[in-house]
Structures are given as C-alpha cells and as structure tokens.
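Right, one structure below, let's go through it.
The values are calculated or read from the model by the stated rules, or taken from the named source; none is laboratory data. Being a predicted model, the structure only gives us computed values, none of them experimental. Cβ placement follows ideal geometry from the backbone for every residue including glycine, while neighbour counts extend to all protein chains displayed. To get the accessible areas, we keep the full protein, side chains included, count just its heavy atoms, and leave off ligands, DNA and RNA. Shrake-Rupley method; radii C 1.70, N 1.55, O 1.52, S 1.80 Å.
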Amino acid sequence: MPPLKDKPALQAPKRNQPLFTPGTAAKQALVVFVLGGPGAGKGTQCANIVRDYGFQHLSAGDLLRAEQDREGSEFGDMIKSYIKEGQIVPMEVTVQLLENAMTGAIEKDESRKFLIDGFPRKMDQAVAFEEKVVKSRFTLFFDLAEEDMRKRLLKRGETSGRSDDNEESITKRFRTFVEMSMPVVEWFKKDGRVVKVDARKSPEEVYEGVKAAFEKEGIEMKGK
Ligand SMILES: Nc1ncnc2c1ncn2[C@@H]1O[C@H](COP(=O)(O)OP(=O)(O)O)[C@@H](O)[C@H]1O
Ligand SMILES: O=c1ccn([C@@H]2O[C@H](COP(=O)(O)OP(=O)(O)O)[C@@H](O)[C@H]2O)c(=O)[nH]1
Ligand SMILES: [Mg+2]
C-alpha cells in the first residue's frame, strides 16, 4: 500500500481544534456513497463505475489499510486491531483520510466526482462527513443475504491476504453491519437518498442495476 501522498503525517486533532478545515476543496465534490454488507460486491462494481462514469474510487477500507501500513503512522496498531475485530475505526481518522484524498485529487484536477466505498458505516461518520466535508448526492446500496456474502468473503480470503476475511472476523463484521451500518442506510432512505441494487446475480447483471441507478439519479456516462 502506498503512503499518504503529498500530505503531512496524519495527526490526531488537538483539543479545541476543529476536526476539519471548513471551506476546503472537497466542498466542490460530487459524492456518491457506496454501501452494502461486507462482500456484497461494492469494490467490484466501483471499478465498473470508474471506467464508465469517470468517478474517482475512494475505498475507506483501502485508505485505512494504507494508513495502517504507513511507516510512522501513530494509528497503525489501532487500525489493525479494529479491522481484525470487525469494529469501526474512530471516525476522525477515516474522515480525515477521505478528506485528504479528495482534496489531493481535486488539487491535481483528477476529478471532482467521488465514489466513497464502504463509508459511512456508522451514524457519527455520516453526520460529520456531511456537515464538515460535503453532502452526498445519494447512496448506492448493494443488497445481499449474509449467507451469500459469507461465501464470497471466504472465497476472497483464499487470496486476499486480509486479516478479516476469515470465519471469526466475518461474523463480527456482519454484526457491526447490522447494528451500526444499516441504521445509516435507513437514515438516508428516510431522506429519499438511497438507491438499492440487487447484488445476487453475476457481476455483469449487477452492473445493469448500477447503470439503472445512475440513470435514475441523472448521472451520465463519460463522453455522453
Ligand atoms: N456479483 C458477484 N457474484 C459473485 N462474486 C462476486 C460478485 N461481485 C463480487 N464478487 C466477488 O466477491 C468478493 C467480494 O467482492 P468485493 O467487490 O470485494 O465486495 P465488498 O467490497 O463489498 O466487500 C470478491 O472476491 C469478488 O470477486
Ligand atoms: O469507514 C470505515 C470503513 C472501514 N472500516 C474498517 O475497515 C474494514 C474493512 O472495510 P472494507 O470496506 O475494506 O471491507 P469490505 O466491506 O469491502 O469487505 C471494516 O470492517 C472496518 O473495520 C472502518 O473502520 N471505517
Ligand atoms: Mg470492499
């Protein structure tokens, strides 16, 4: 995993210091959250969307794993244990990593359209991000039963090398998903900002549902 590029080491906010700098470049972004249980296929579908819609893919899990492996990170050990236990890393860390990545991409003029994958997984993250960074346009929600997600994760675990793709961690991640993350989906749903996609079929068939969701939200493919 590469280190955080062109950014100072991530530091915990000092007492009485605002968590995020208001008015940053990230405010200009178009954000789509991508949620769904562990193994539902979020990352797989994000790759399709990046290819066809010109979004930048920011996976909160990938950013946390990169920070975990970054030499000198004061959060490395903490992130490692949260991930293995299927717990949600304190939101200050994740929101700051996301904001850094968005600001970096905007400054380099790569894109202002972001798919934020696997975030927000807990109400405090959702509220903080939308208040302090930017409000999401909508949430793409991949719907899949636990038994199917478990099968996909165990298969992924054969090659992923991830510390949390094993039976014990998977069970913990499912509990966290139901208790912490589903309330976030329900909250956005009440606000009319969730589009649900059936994730049971093949990746190609699931992508048809994704394209229909983007069309419904008025987001066009590249070059259209
Ligand atoms: N529609 C699908 N049908 C079967 N397997 C899938 C499908 N989509 C993704 N996978 C596989 O399931 C695993 C989890 O997918 P991934 O995209 O990493 O999900 P998530 O990011 O939601 O955890 C991966 O090994 C992936 O190749
Ligand atoms: O906002 C986030 C996103 C992820 N995680 C942690 O990172 C793990 C892996 O997340 P990822 O999205 O990579 O897993 P996926 O759902 O794609 O399998 C989660 O179980 C959490 O422990 C977190 O703490 N906060
Ligand atoms: Mg993923």
Study note, to complete from the structure: With T = 10 °C, eta = 1.306 mPa s and Kirkwood Rh from C-alpha pairs, the Stokes-Einstein D of the stretch 120-178 in µm²/s is about 118
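Mean residue ellipticity at 222 nm from the helices of the chain, using -39,500 (n - 2.57) per DSSP H segment of n ≥ 4 over the full residue count, to the nearest 500 deg cm²/dmol?
-14500 deg cm²/dmol
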Check your understanding: Based on the alpha-carbon gyration tensor of the chain, what equivalent-ellipsoid semi-axes (square roots of 5 times the eigenvalues) come out, in whole Å, largest first?
Key -> 25, 23, 17
Review point. Sorted by packing (mean other beta-carbon atoms within 10 Å per residue), highest first, where do 26-38, 104-116 land?
Key: 26-38, 104-116
**Study point:** Estimated vicinal HN-Hα couplings, Hz - the stretch 213-224 in sequence order (Karplus 6.51, -1.76, 1.60; Gly, Pro = x)
**Key:** 5, 5, 4, 4, 8, x, 9, 8, 5, 4, x, 9
Point to revise | Cα-Cα P(r), the stretch 176-224, percent of pairs per 5 Å interval | key: 5, 18, 17, 20, 21, 14, 4, 1, 0
Point to revise | Most fluctuating residue given options Met182, Met149, Met78, as computed from a GNM of the chain linking Cα atoms under 10 Å | key: Met78
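Need the full-extension length gain, Lys189 to Asn166, defined as separation in residues times 0.36 nm minus the C-alpha distance. One decimal, nm. Mind dumping the intermediate values first?
Values: separation 23, 0.36 × 23 = 8.28 nm, distance 3.10 nm.
Going from the current span to full extension adds 5.2 nm.
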Study note, to complete from the structure: Sequence order, the stretch 115-126: Karplus ³J(HN,Hα) from phi using 6.51 cos²θ - 1.76 cosθ + 1.60, θ = phi - 60°, Hz rounded, Gly and Pro as x, gives 9, 9, 9, x, 7, x, 9, 8, 4, 4, 5, 4
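What number comes out for accessible area per residue over the chain if the probe is 1.4 Å? Units Å², please. Kindly include the intermediate steps, with their values, before the conclusion.
Numbers: 11770 Å² over 224 residues.
Accessible area per residue: 53 Å².
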Revision key, fill the gap. Carbon and sulfur atoms account, in whole percent of the 1.4 Å probe accessible area of the chain, for 49
Practice item. Apply the Debye scattering formula to the stretch 115-224, with a single equal point scatterer on each alpha-carbon and no solvent, then give log10 I(q)/I(0) at q = 0.20 Å⁻¹. Key: -1.23
**Study point:** Kirkwood hydrodynamic radius over Cα pairs of the stretch 52-110, then Stokes diffusion coefficient at 10 °C and 1.306 mPa s, in µm²/s
**Key:** 128
**Study point:** Added length on full extension, which subtracts the Cα-Cα distance from 0.36 nm per residue, Glu71 to Glu205
**Key:** 44.2 nm
